[in-house]
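> Handing you this structure, nothing more for now.
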Amino acid sequence: MSNPRPRLVVLGGGFAGTLAAGRLSRRAAITLVNPRPHFVQRTRLHQLAAGNHEATENYRKLLGKGVELLVDTATRIESDTRTVRLGSGRAIQYDYLLYAVGSTATRRSTVPGVEEFAYPIAEYEHARHLRNTLANTDRDAVVTVVGGGLTGLETASELAEQGRRVRLVCRVVGPTLTENTRRAVRERLSALRVEVVERARVTRVGPDGLALEDGTVLPSAVTVWTGGFGVPELARSSGFSTDSVGRMLTDETLTSIDDERVVAAGDCASPSGDPLRMACQSALPLGVVAADTILSRIAGEEPAKLDVGFNGVGVSLGRRSGVVQLHRRDDTPTDRTFTGRTAAFLKDLGLKSAMAGLRTEALWPGTVRFFRGGRHPVDATVPAEENVR
Ligand SMILES: Cc1cc2nc3c(=O)[nH]c(=O)nc-3n(C[C@H](O)[C@H](O)[C@H](O)COP(=O)(O)OP(=O)(O)OC[C@H]3O[C@@H](n4cnc5c(N)ncnc54)[C@H](O)[C@@H]3O)c2cc1C
């Protein structure tokens, strides 16, 4: 007979974990383990760095009744005894585990000097550190943003709009964008007086600048490194099967291929080894699917297979402009792109809707719906670490 109120442990209170906790809150006793006492809106970390948004939200507004928040860090999952070991020394037990630990900055860079002198922006503490550093840096000093992915474009634009002297160093501007969208991005960067150094490969970062492969040396007071996302090592170090990046390998119901009691969602999940792009836009529906998989198991039913649809990619280019590239549900781009203030409005609306979705699911579990009808895997031409957003 199935347990009427199973113990569920959710590791990671980001978009996927928080949404899933809300969805499951009426059917299970839930403990959400997260290292911080507040929710972090990673989608606004470039704004936190620029000083125009706090990028946090009170969990009280986002967690359903009956979800207990445990401020701690999981250090090991022991699936044979269904135990999670925590940084504090505590251990908690589960009937079902949701693995939703998200992503981080790329694991240690091989470029000399990056770890010592460059500022990452993938996590809350990184963005705060960068904001504090910028507050103590002369406003005329050059700030270099390395990486032409969406996070690099958003960070460069946000800082430039605030009057900073910004240089963007990258191999290509917006590798995942269409030519149309890229053109609009370039125009905006030029209007913001961002100096773009393209087809560049950084070979060394120092305290006052960086060196490129062709021998060019660029002075830089602050260097921001946005070279893609990695994922926490927890799944791999706990003995679970992972993909090459370290995401937990699951089947199409998001269940770990090693353990039916463990389900993964968000940036740290790799369904069939063919992961969706790392994005809030993927994490939310994956949170729903993971929660529904657990609900089906509790009810003794067969869980449904993953069916997630996309609608586009939004990039803010400062507060007053942006680009929104519309996609088909299978995540392939169309040739329609919104630009300027309309795009800035749509992008911000998308971020607000994501937060509204978390609040709604906490209040009325099971009500949030997402696009279906096309799960398309990553663009094989883009390196895994850069396939974000
Ligand atoms: C600057 C920036 C801008 C972005 N903009 C966009 C955007 O516009 N649109 C978009 O779709 N995506 C965007 N993203 C990407 C998006 O934020 C992530 O893809 C999304 O947050 C992933 O959600 P998640 O729930 O998988 O993980 P996360 O939101 O990363 O949450 C994971 C949580 O797990 C916690 N955790 C980690 N390890 C442990 C552990 N061992 N024990 C317990 N808890 C742990 C983390 O601290 C975190 O709180 C952006 C990212 C950045 C950095």
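Values quoted throughout were computed directly from the atomic coordinates according to the rules given, and no laboratory measurement underlies them. Being a predicted model, the structure only gives us computed values, none of them experimental. Reconstructed Cβ throughout: ideal geometry from the backbone, glycine too, with neighbour counts over all protein chains shown.
> Taking the Cα centre of the chain as origin, sum charge times position over the Cβ atoms of Lys and Arg (+1) and Asp and Glu (-1), and report the length of that vector in debye to the nearest 20.
Numbers: 51 positive and 44 negative charges, 243 e Å.
With Lys and Arg at +1 and Asp and Glu at -1, about 1160 debye.
> Points 7 angstrom from Cα along the Cβ direction at residue 197 and residue 68: gap in nanometres?
Taking the simple label geometry, residue 197 and residue 68 are separated by 5.3 nm.
> Here is a follow-up. Nearest 500 deg cm²/dmol is fine: what mean residue ellipticity at 222 nm does the chain get from its DSSP H runs of n ≥ 4 alone, each adding -39,500 (n - 2.57), divided by its residue count?
Taking each H run of at least 4 residues, the total per residue is -8000 deg cm²/dmol.
> Cross-link candidates for residue 65: which lysines have Cα within less than 24 Å, leaving aside residues fewer than 8 places away along the same chain?
Within the straight-line cut-off, residue 65 pairs with 352.
> Got a sec to turn the phi values of the range 133-148 into Karplus ³J(HN,Hα) couplings, 6.51 cos²θ - 1.76 cosθ + 1.60 with θ = phi - 60°, whole Hz, x for Gly and Pro?
Rounded to whole hertz, the list is 5, 5, 4, 9, 10, 3, 5, 8, 5, 6, 10, 9, 9, 9, x, x.
> Still on this model: Place the peptides 228-235, 197-204 in order of packing, highest mean first, counting for every residue the other Cβ atoms within 10 Å and averaging per peptide.
Details: 228-235: 22.2, 197-204: 15.6.
Ranked by mean Cβ neighbours within 10 Å, highest first: 228-235, 197-204.
> Could you give each residue of the range 90-104 its phi-based ³J(HN,Hα) in whole Hz, using Karplus coefficients 6.51, -1.76, 1.60 with θ = phi - 60°, and x for Gly or Pro?
6, 9, 10, 10, 9, 8, 10, 10, 10, 8, 9, 7, x, 10, 9
> In addition: For the range 349-358, take each phi angle, set θ = phi - 60°, evaluate the Karplus expression 6.51 cos²θ - 1.76 cosθ + 1.60, and give the result in whole Hz per residue in order, putting x for glycine and proline.
4, x, 5, 5, 5, 4, 5, 5, x, 5
> Follow-up. Based on Cβ point charges of +1 for Lys and Arg and -1 for Asp and Glu, what charge dipole magnitude is obtained for the range 114-225 about its Cα centre, in debye rounded to the nearest 20?
I would put it at about 320 debye.
> Once fully extended, how much extra length lies between residue 342 and residue 58, figured as 0.36 nm per residue of separation less the alpha-carbon to alpha-carbon distance? The partial results should precede the final answer.
On the way: separation 284, 0.36 × 284 = 102.24 nm, distance 2.92 nm.
Gain on stretching residue 342 to residue 58: 99.3 nm.
> Another question about this same structure. Sequence-distant or interchain residues sharing an amide H contact under 5 Å with residue 242, placed H: which?
Under 5 Å from the amide H of residue 242: 249.
> Between residue 190 and residue 237, what's the calculated FRET efficiency when r is the beta-carbon distance and R0 is 41 Å? Round to 0.05.
Efficiency computed from Cβ-Cβ geometry: 0.35.
> Once you have the Cα-Cα distance between residue 330 and residue 26, take 0.36 nm times their residue separation minus that, and quote the gain in nm to one decimal.
In short, 106.2 nm is gained.
> Quick one: which residues, 5+ away or cross-chain, put their amide H under 5 Å from the amide H of residue 200? H built at 1.01 Å from N.
For residue 200, whose amide H was placed from the backbone, the distant partners under 5 Å are 170, 171.
> Something else now. Sorted by average packing, counted as other Cβ atoms within 10 angstrom per residue and highest first, what order do 55-63, 279-287, 139-147 take?
Top of the packing list down: 279-287, 139-147, 55-63.
> Put +1 on the Cβ of every Lys and Arg and -1 on every Asp and Glu Cβ in the chain; which of 221, 363, 240 then has its Cα farthest towards the positive end of the dipole?
Farthest towards the positive pole: 363.
> Under 25 Å Cα-Cα from residue 347, which lysines qualify once same-chain neighbours fewer than 8 residues away are excluded?
Straight-line reach from residue 347, under 25 Å: 61.
> Ranked highest first by the average count of other Cβ atoms within 10 Å around their residues, in what order do 261-271, 240-250, 86-96 fall?
261-271, 240-250, 86-96
> Moving to a separate point now. Could I have the simple spin-label model distance between residue 133 and residue 296, label points 7 Å from Cα toward Cβ, reported in nm to one decimal?
For the pair residue 133/residue 296, the computed spacing is 4.5 nm.
> Further question on the same structure: Just need the relative contact order of the range 114-225 here, percent rounded to a whole number, with Cα pairs under 8 Å and 6+ apart.
32 percent
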